Structure formats: C-alpha cells, structure tokens
4 protein chains.
Amino acid sequence: MEKLSNAFMEEVVKACRPYTAQGEVIDHIPGLDQSHATDLGVTIITQKGEVYSAGEDDCSFSLQSISKVIILLMALEDFGKEVVFQKVGMEPTDDFFNSISNLEDYEGHRPFNPLINSGAIATASLVNGASVDERFDRIISFLQTITSDERVKFNEEVYQSEIKNGARNRSLAYFMESTGVLSNQEAEEALDLYYRVNSIDITSLALAKLGCFLTNHGRNIETGDQLIQARHVRTVKAIMLTSGMYNESGTYAVEVGFPLKSGVSGSIVGAVPGRMGIGIIGPSINKKGNSVAGGQVLRMLSDKLKLNIFHD
Amino acid sequence: MEKLSNAFMEEVVKACRPYTAQGEVIDHIPGLDQSHATDLGVTIITQKGEVYSAGEDDCSFSLQSISKVIILLMALEDFGKEVVFQKVGMEPTDDFFNSISNLEDYEGHRPFNPLINSGAIATASLVNGASVDERFDRIISFLQTITSDERVKFNEEVYQSEIKNGARNRSLAYFMESTGVLSNQEAEEALDLYYRVNSIDITSLALAKLGCFLTNHGRNIETGDQLIQARHVRTVKAIMLTSGMYNESGTYAVEVGFPLKSGVSGSIVGAVPGRMGIGIIGPSINKKGNSVAGGQVLRMLSDKLKLNIFHD
Amino acid sequence: MEKLSNAFMEEVVKACRPYTAQGEVIDHIPGLDQSHATDLGVTIITQKGEVYSAGEDDCSFSLQSISKVIILLMALEDFGKEVVFQKVGMEPTDDFFNSISNLEDYEGHRPFNPLINSGAIATASLVNGASVDERFDRIISFLQTITSDERVKFNEEVYQSEIKNGARNRSLAYFMESTGVLSNQEAEEALDLYYRVNSIDITSLALAKLGCFLTNHGRNIETGDQLIQARHVRTVKAIMLTSGMYNESGTYAVEVGFPLKSGVSGSIVGAVPGRMGIGIIGPSINKKGNSVAGGQVLRMLSDKLKLNIFHD
Amino acid sequence: MEKLSNAFMEEVVKACRPYTAQGEVIDHIPGLDQSHATDLGVTIITQKGEVYSAGEDDCSFSLQSISKVIILLMALEDFGKEVVFQKVGMEPTDDFFNSISNLEDYEGHRPFNPLINSGAIATASLVNGASVDERFDRIISFLQTITSDERVKFNEEVYQSEIKNGARNRSLAYFMESTGVLSNQEAEEALDLYYRVNSIDITSLALAKLGCFLTNHGRNIETGDQLIQARHVRTVKAIMLTSGMYNESGTYAVEVGFPLKSGVSGSIVGAVPGRMGIGIIGPSINKKGNSVAGGQVLRMLSDKLKLNIFHD
C-alpha cells in the first residue's frame, strides 16, 4: 500500500490531469470558463489532521450540488430524521438530478432523495431561521466554522446567475407546491435558500475539511465540538454512497467505494471512514455532471491507498 | 455493545416475530403458503466460524432473487468485470425489479444492474458451460461447496412453477434479444438457467455461509480456497449495498448499512465487513418484496452489534 | 332519424340526468359546489340558427379548459399556423392534461398539443396585445362577439382562485422557460392570461354559439363576418377531435364522432360539421375530467341524430 | 376544385416523387431494398367504382402494420365491440408503436389501442378459427374477396423474417401474458397470426379497394355484400383517424383530415367519407415510420380535391 505524501499527491495529479481533456467546463456559472479546463486540485486531510495537497488547490469555485450535503446536515440537526424523511425519500433514482418526471410518479410525489435538486429544495424548507437571511447565515457560519477557510464566502454574482438560470428549479419547487410537499411560502423561501447555498465559494482544502468532518462523525476536527449528531452524519454518508455522484453513483460505489458528493463546478467531497477527508476541484465535467479527472483521482487514491470500504 | 450469543439471537427473533403480521406470504411458489406466515429464522456465522441461530432455522425455501448474487459471482469469475458490465450496468434504479420500461429508456438498453430481473437474465448468459445443464451444475456445486448444507438442492416443483409463471421474465429476455443485448439462443438459455437457480432450496444457515463467503473475500470459509477473486466479491458487495433490497435499498443502506440481498421467498443474505455473514428466512414480505420481520431483525442486529459501515 | 325539437331535448336531458350520480363536482372552483351536482343543461344551435335547449341552461360556470380552444383560435389568427406549431405539437398524448413528464421527454420539449395545460400556456404567449390586459380584452371581446350572451364575463373570484391554486401551471410555465420554449416574461404573462381566460363565465347557450362558430368555419353566425380564417378553424376542429376530451378523446372520437372540448367545470362544446353547435353544462365529472351526464348526452345526440362523421 | 383524372394522378406523383429522397427504405423486410427507394404508386377508387392510378402501381409489398386494420375488423365482427375493447383501449398514445413501457403503466395494462403492436397482438387473439391456420385462412380470404386482386397473397419469405426479427413482438406478447391480458396459448397463437397477416403482399390497387370497403361501410364494393357491420367499420375509421399514422396521427388529422393507416413498408390506406378509397405504395419512410412521398401525396390530394372532413 502506497504511503501518503505530497510527492504521492503530485504524482496522482500528474497522472490524472490528462483526463481533463475528456470533459467540458460548464459555461453559465460566473467564475468558471475554459481558462480553467485543465485545472485539477486535490487536498487530503487525515483523521489525525495531516494535510496533503497538490495541483490547483488555490482555486475557489461555487459549491453547486455539494450544497445538498450541507443543507441535509442542517435539516437533520434542526428537524430530525423522521420529519426530514417525510418530505423526501432516501432511495437512489435513475433519473437525472433535475428530473421532474419522478415527482409525477413516485409515491406521495416526494423527491426520491435529498441529493437531487427537488430533494434539496424540499430539504431546504427544513432549516431553522426567522428569515431566509437568518437561515443562510446559519448555514454559511456552520460551513466557515468546520472549514476555517476564509475563502469560503458567498458569491453574489453566482447567486444572481442562479436566480436568472433557475427556471428548472422554480418549476420543481412549484410542482412540489402543487402536490402539497411544500406550501407556497416554503417553496419560495426554500428556492432562495437553495440558490444562495449553491453560490458559496469553496476550495479543495475546505472540501477536504468537510469530508473530514463527516469522517469525524460530525465533530469539528479542530475543536472536537459535536456540531451535528453522529447518527445524522451516518445517514448523510449512506445516502452519499448510494446517490452522491448523480447517475454514476453505483459505479463510484463499486470503483471507489466510499461516500462522495459532486457538483457541476467539478468539485467533489469524499469521506473515507476512519481515514480521511478528500477535496477535489476539477472543472472539466462529463455528461453525467462529474469531474472527469476528479473521478480518476478518486479511483487512483482508492486503489493505491486501499480506501474501498468493501475491501475488508 | 451487545455480545453475540444464542440467547441474544432468541431475543431478537422474539422481538421481531410480531412484524410478520405486517407482511404477506407470496402464494404462487411451491412450498410457500400461509402456514409459514409467522416463520422467522436467523443464523449468524462470524468470521471466526462461530455459529449462532434462532427461530425456524430448519426451514428451506427457494433462493428466488438471491440467485442474482450467485449468478453475478459466477459471471464475473468466468468472464471478468469488463465483459459483464458491457451487458449490464452498475447503477441503482427506482423502477421495480421486474420493470421493462427501463430497458426501453436506458442507454444501450442495458439493464441498470445485475440485481434486477433483466440484469440477472443478461448476467446468466455469461456463465460458462457447454449446456444449460452443465452451467447449472457448476452453479449448484459452487453453492453446495460454500454452504456445505445438504438441504441446498434443486427443487423441481419450484422450477416448473418458475417456467409456468415466467411470462414476465420471458418478456424481459425477448426484449433484450430485440435490442441486441442477447442473441436468441442466449435469451432462451439464460432464461432457463435463471429459472433453475431461482429454484434452489436454501436455509438460513446456508445463507449465513454465503454471507460469510462474501465477507471472507471469496474464500471458502472451511477450506480457505479462493473460489472467486476478491475484487469480484468486492464488486458484488458494493452493488448489493446500492441495489440489493429492491426499492428499499437506499433505506437499508441508511438503516442497516451493510451489503444485503433479499428474495421474494422472504430470505435475506447479509455480509458484514470483517465481522459476519447473516442468513434470514421470513416469508411474510411487504409490497416492495422484502421480509418485514427480516428487515426488523437487520435493523436490530445493526443497532445492537454496531454493524453499520457508516458508523466508523 | 330523430327530429330536433325542444321536446326531444327534454327527453335527452331526462334520460341522461341520472348519470350525474356517477361523477363528482370539483370543489376548488368558486361557483361550483355540491348544490350543482345534478345540474345538466344542453343547448343546440343549428347551422340555420334554430335554438333548442333543455335543463339547467341558465347556469353559468367558468370556461376552464375550454379556454384552450379560444386561445388557440386567437394565436392562429395572430401568428399563423407555422409559428404556433413551432412552440407546440399537434399530436395527441396519453399523459394527463397537466402532465409535466411529457415536457421532459418529448422532442424539443414542446408540449404535445395546444389542448393540454402546457400547450395552452405556450399558445397563450402567442396572442397579440401590448399588455396582458389588452390581450385579455381582445379575447373576451371576441368571445362576447361570437356568443352575444351578456352572461359571458370575467369572474374575478375564479381568477383569484386560479392564481392561488395555480402552482402546477406555474411549474409547467417555468419548465418551459427552462427548456427555452418561453422566455421568462412570456412565461409570466402567458400564465396570467391563461388564468384569466379560464375564469370567463360561460353558459350552454354561449357554448353552443361557440360550437356553431366553429361549424360555420369562423364566421360570426349572426353577422356573417369572417372573424377567424376558415383554415385555422379547421385545424382547431381536427385537434379537438384527437385531443379535446382529455384521456377519453379517442373513445369520444369513436362513440360520438365530432370535434369536442371539455372543461373540469363540466362544460363541453361540440361542433358538428354542416349541422350544429352544441353546448353542455354538467358539473359532475369523472376521474378523467369529463362531465358524465354530458358525455351521455353526446352519445345519445350522436346516435339519435346521426351526427357521427365516420357514419358517411 | 380539381377534377379526378389519370392525368391529375400523374401530376401528383410527379410532384411528390422527389420527396422519396427524404426517407429511407427499411432494410430487413424481404422484397424491400434500395432499388425501390424512388418508387411511388397511387391508386384511387371512387365510391362509384372509377379507378385512377399512377406511378409504380404494379409493385406489391407486405402489409406490415396495415394488417392491424384487417385484424381489428375481423375481431370486431367475430367478438363484438365490448369484448374487443375489454382487451384493448381506444385511446391514442404518444409512445412508439412498439412501445412496451405503456403496458407497464396504463390502466389494467391494456394496450392503448388496436393500431399499435401490442394492441394488434391482443386483437389477433380475438379472431375465430379452430387453429391459427384456419384463422389466417379466414383473414386472407376476406382480404382477397374485398380486393379481388390476385397479387394479394401470403409471402412465406416475409413470414420467416417476421419470426426471425420478431423478438420485440414476442416480448410484448409475453408481457401481456404476464399481466393476464392473454393466456399463454393465446399469446403464442396471436403472435403467429400477427406475423402471418403482416406478411401478406398488397398493391396500391388492393389498398384502394380496402379504403373503398371502409368508405362503403363494410359492403363489398363489387357485390354489395355486407361483410363487416357498418358500426364496426365506423369504429375502425375513427381509431384510424386518431391513431393510424404512428406518432404523426394528429398531424395527419389536421393536414389531411380523413382515416388513414400506414405500414413500415411505406404503404398507406385512406378512406375518404362518401368519396373514395386511396392506396399508396412509397417505400421510403421517415423516422416515424410513414412514407414521405406518400404523405405528400395525401396532403396534395386532400388540398386539391377538398377531402378534409373538417372542411365542412
């Protein structure tokens, strides 16, 4: 088994960077464009707190779908498992992350799970706070606390773009209003909160810290404070394994074998039980929405460091 | 944490047996009828070979869908991962296990994964042997070897019933012929092999041994022989976690948290990494096809024995 | 063949009224409630201008889905066939009238046809006018002109209810924005216009006049003015035949055999080529959305008066 | 309005033949190949018995989907409307003619209508006869009687090809067995009968006679014998209008406006109420399965001869 080191990290990035050529950078998110097509940044933080990093680990891009993990953690802590999973299921789906058809078919019109768009909007209605402002402040404070990375901040420009290009998500929210999953006010507010959390800038270091927080059962890795109950973190990790990588989740469960969540900005967070958190930034994504080079990094790390939970 | 013992097992069965009342015994499989409605048998075999058992662990019912795990193990060993996953995907689906719609929609018309009916039929075309007889002999011999339970045997009556009630599976097989996933001869033979493997009688002890074989990375737990390569067993376990419990797979990943596969005869096999194999017989199933009391047993074992892999 | 007379009309209403018991009055539209459960009003106006009427022909309820016919007539007249059918198809669908799934699947995400909700919203974006007010004024004036029934007027209370209960339609509109069928402004305005036209009160007399206008190839039956070009009226009638009666359109094409359009308020407009316009009010509807007694009236009229176009 | 004459027919064929270049000849049906790519034959028989013809009206190709009309006529005559429409619906569908998904979703798993593959197979189970041979003999005799064209005969080579390439239809048949629409024996026999009727060779003259038979309310145009009851013929024509041209049926209802049925061999039969039967052979078909040049012929005939039933 390979030993973790910055040299090893450099080697991984070098071996995987060519895969960036197989993807495309999404073109409608401010801050992302072709100039980042070959970017690849990887950071690992071990359970003991050692940090290893290589590549463009100084980039920051918006959270996008990784927001779903944060929102779910908050909703579980605020309302508990029972309430959350009355609004949303915990089953993987074979439809696309922004599918609306499955809301039309599925029992009680609940979203299949909290890691698809409809599910994340439904979950966003279950974050405490007197206003959307207050709810968002709680979320970004939480994220800043567990990452202690000052580059983690709200990106107004991305937020405006989320609103502007948000017709599909509005359609999902109103559909859920029509079936009684959300009230009208809940729909409007959940949508706004969702757009905002999607618009938080994140780095590979901060993602690795998030991964580490999950591996660490919801305790702040620096202070040891239990910020989210361990049983909620366990729930989130299980859903990440079955549904975290869009329509490639099953493949990643086989090939990589630990909880992951990706976003269309090409970011990925990974949580390896008992071992480490992993943060990846790699904006060239494939048609399923996952970073191509990032996926390759994960396969290589899993293989060389024996990280697959189905190994033992 | 609870300590494993036969007394503890008795306690679990006692606590969970009332849940049998929430399910129904399937009525078209020979050997299964209402007289078995309250049956519940549970056997655990630890990695060290200790056996714990309680309830109706002397019953034997046909494998039904658990056959899919055996067929996949054989196909991977015979043809390798690449060939198998050209014919079948590894993604979870939200459609029913016998769905045909998803063959109409999904890329290349491949079945989503090997643990739904279409996927198992496709996989059954990838088991070596000069004839269906020979292919079946290899499968049942393998199963008898790893379970060394003489009650594991072919049930002709169930097989005849599988053929008679097999129109949906024939429909799936011919659909795959029509899209080029299978040739005509492959379709006919795969179907026959699939019916036969479904018709093998199994016990909770044999299921626990199968679970133990998976936990033991494909080595015979008695002789230590490597019968299936470890990397194939890893693949099978990952797919069991995302897709082993029909449309409740995601929920079981959260609530129980280790690889499982259920059958409509109410049987379940479980493989707890580094710990144990679990075999359950509980014929009263819910509408999703899973043993109600068996599911309750799994939740209780996972909880009391800390078996959930997302725990650590 | 039966001869048309008021006595015959009374007989038809008497024979069909008992069928009202098989339906339910929709409960969320102002003006409609259980007190109207047994209402049944039928008016026929022949090509020569003779009027025959029976039952509760003095009731007025909101247009609901019959609005789709009016909007389509205006859009065709304003923008022509080519432009209209770039935004919306002319194919019948087996999905429900408020389905959103079909927008996800169908080529170019166009609504299947202008007589389902998504299609009517798309079509509403193609009515000329400097503002929604102006566009609505043109539509209601047109309707008042061809019906010369002073009871045809805007119902503010229904409109407020349409907005309040309009989440599904908003969801459809935003979905179409997301796929480029409508711009954001078009979506908002089309939705508002659609709600307004749905909220126009109509009577069986006015519906019969509308039917007569269609039979009369777009000429005002009183003044003879050509208000809509004949070829557009022909298009509308063909689509009414294949898609005018929700998911029973095919059955009505067989059983009744002339162009129809129904609304969930239990109203139906019919246009019998060369013969007559028919207006029906019968608020007890079945699960498909069609007036049960109204449907029976149509079958009886078609049969007794030999109105089925496939007869000859 | 244009006057019918052979010269006019020649003109139509000349104007429409270039459209053959926009289609493709299907490549797996014996007798059809690229050498027929520019073929276009049109025959019209008026209600009075006048015959007009132009183009390659001497070609004969297999019936393919037009068989569905013949089978439906026979089933209605043999079992009556009630029995037939318990097995199959009368609603248009937006799915493809060989779709299996809709059997999974639709109420009672009935095929949507008798003019899609599943519906035709179900209908084929409702043709009287002691054996498939006898049932087929009745059908081909009927067709030979109403067409009195000796080129109408069974094509063994096409039949063998139907069986060989028939996996999708077998899949549909077994699916219907699995849902109880057909018994096992019914499924096997219906499938065989369906393959056989698909394999009958037909000419544009024979198709025109079939159209004329439909226009003539089920009376043999030569002898005047009522072979099929008029009310059954009316039913068939209505379903042809809503569902006869695959997923372009709605468009043809608008553009052409009379009952039609097409087959993938590029044939079309048309029945113009009170006027004429039309037979077209034009093997270059579009992606929806309809003859491109044949469709153009229909639009031109409808326009020039004022055949659209929504005209009046």
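Just so you know, all these numbers are worked out from the coordinates, no wet-lab data involved. Just so it is clear, the model here is predicted, and its values are computed rather than measured. Because the Cβ atoms are built from the backbone with ideal geometry, glycine has one as well, and the counts that use them run over all protein chains shown.
State the answer as a single residue: which of B:Thr179, B:Leu73, B:Ser161 lies farthest towards the positive end of the charge dipole of segment B:67-198, with beta carbon charges of +1 for Lys and Arg and -1 for Asp and Glu, about the Cα centre. The listed residue farthest towards the positive side: B:Ser161. Peptide D:91-101 has a mean of 6 when you count, residue by residue, the C-beta atoms of other protein chains within 10 Å of its C-beta. Working note: Debye formula, equal point scatterers on the alpha-carbon atoms of segment B:112-261, no solvent; log10 I(q)/I(0) at q = 0.22 Å⁻¹ is -1.51.
This model, with +1 at the C-beta of Lys and Arg and -1 at the C-beta of Asp and Glu, gives chain A a dipole about its Cα centre of some 820 debye. For chain C, the longest principal axis of the C-alpha atoms and the axis of helix C:6-16 are separated by about 70°.
Relative to one another, the C-alpha centroids of segment D:215-256 and segment D:22-47 are positioned 22 Å apart. Note that segment B:1-156 carries a Kirkwood radius of 18.3 Å, evaluated over its alpha carbons pair by pair.
Which of rounded, prolate or oblate describes the protein assembly as shown when judged by the alpha-carbon gyration tensor and an a/c cut-off of 1.5? In terms of gyration-tensor shape, prolate. For segment B:33-123, the residue among B:Pro114, B:Ser99, B:Val83 whose Cα projects farthest onto the positive side of the dipole built from Cβ charges is B:Val83.
Based on DSSP H runs of at least 4 residues, each adding -39500 (n - 2.57), what is the mean residue ellipticity at 222 nm of the protein assembly as shown after dividing by all its residues, to the nearest 500 deg cm²/dmol? All intermediate terms of the calculation are to be shown ahead of the outcome.
On the way: 48 runs with 572 residues, N = 1248.
The helix contribution divided over the protein assembly as shown gives -14000 deg cm²/dmol.
Segment A:52-119 and segment D:118-158 have Cα centres spaced 56 Å apart.
Inside 10 Å of the C-beta atoms of D:177-183, what's the mean count of C-beta atoms belonging to other chains? Spell out each step's value before the answer.
Numbers: counts 6, 10, 3, 1, 0, 1, 1.
Mean inter-chain Cβ contacts per residue within 10 Å come to 3.
For segment A:232-263, no residue has its backbone nitrogen under 11 Å from a point 7 Å from the Cα of A:Ser141, taken along Cα to Cβ.
The calculated pair-distance distribution of segment A:65-198 uses every alpha carbon pair, bins of 5 angstrom beginning at 0, and gives 2, 11, 22, 25, 21, 12, 6, 2, 0 percent.
Working note: Debye formula, equal point scatterers on the alpha-carbon atoms of segment C:223-278, no solvent; log10 I(q)/I(0) at q = 0.17, 0.23, 0.26 Å⁻¹ is -0.56, -0.93, -1.09.
Legend: translational diffusion of chain D by Stokes-Einstein, Rh = Kirkwood radius over C-alpha pairs, 4 °C, 1.567 mPa s; D = 68 µm²/s.
Remark: segment D:55-210 carries a charge dipole of roughly 100 debye about the Cα centre, counting +1 on each Lys and Arg Cβ and -1 on each Asp and Glu Cβ. Here the Gaussian network model covers chain D, with springs between Cα atoms less than 10 Å apart; of D:Ile202, D:Ile140, D:Ile44, D:Ile140 fluctuates the most. Inter-label distance, B:Ile163 to A:His311: 4.8 nm, where each label sits 7 Å from its Cα along the C-beta direction.
Highest GNM mean-square fluctuation, chain A, Cα pairs closer than 10 Å: which of A:Thr242, A:Thr43, A:Thr145? Top of the fluctuation ranking is A:Thr145. Peptide packing: for B:116-126, D:208-218, the average count of neighbouring Cβ atoms within 10 Å per residue gives the ranking B:116-126, D:208-218, highest mean first. Across peptide B:233-242, the average count of Cβ atoms from other chains found within 10 Å of a residue's Cβ is 6. Please give me the summed charge of the neighbours of C:Val292: other residues whose Cβ is under 14 Å from its Cβ, Lys and Arg +1, Asp and Glu -1. After counting each charged neighbour, the total is 0.
Averaged over residues, the count of other Cβ atoms within 10 Å places the peptides A:22-32, D:300-310 in the sequence D:300-310, A:22-32, highest first. When the Gaussian network model of chain C links Cα atoms closer than 10 Å, the mean-square fluctuations of C:Lys87, C:Lys164, C:Lys287 top out at C:Lys164.
Peptides A:5-14, B:259-268, ordered by how many other C-beta atoms sit within 10 Å of their residues on average, highest first, read B:259-268, A:5-14. Measuring r between the beta carbons of D:Glu24 and D:Gln185 and using R0 = 56 Å, the FRET efficiency lands at 0.90. Plainly put, the tip 7 Å out from Cα toward Cβ on B:Arg299 is 3.8, 4.9, 6.2 nm from that tip on each other copy, the closest given first.
Shown is the FRET efficiency for B:Phe96 and A:Lys287, computed with R0 = 30 Å from the Cβ-Cβ distance and rounded to the nearest 0.05: 0.65.
Is segment C:146-235 rounded, prolate or oblate when judged by the Cα gyration tensor, a ≥ b ≥ c being the square roots of its eigenvalues, rounded requiring a/c under 1.5 and prolate requiring a/b larger than b/c? Oblate, since a/c reaches 1.5 and b/c is not below a/b. What separates the A:Glu11 label point from its copies, with the point 7 Å along Cα to Cβ, is 5.0, 8.3, 9.7 nm, written shortest first.
Ascending distances from the B:Gly31 label point to its copies in the other chains, with the point 7 Å along the Cα-to-beta-carbon line: 5.2, 6.0, 6.7 nm. Net charge dipole, segment C:1-128: roughly 320 debye, given to the nearest 20, about the Cα centre with Cβ charges of +1 for Lys and Arg and -1 for Asp and Glu. Principal semi-axes of the equivalent ellipsoid, √(5λ) from the alpha carbon gyration tensor of segment B:205-312, are 22, 15, 13 Å from largest down.
From the P(r) of segment D:115-159, can you give the percent of Cα pairs sitting at distances over 13 Å?
Working: 641 of 990 pairs.
Here the long-distance tail beyond 13 Å is 65 percent of all Cα pairs in segment D:115-159.
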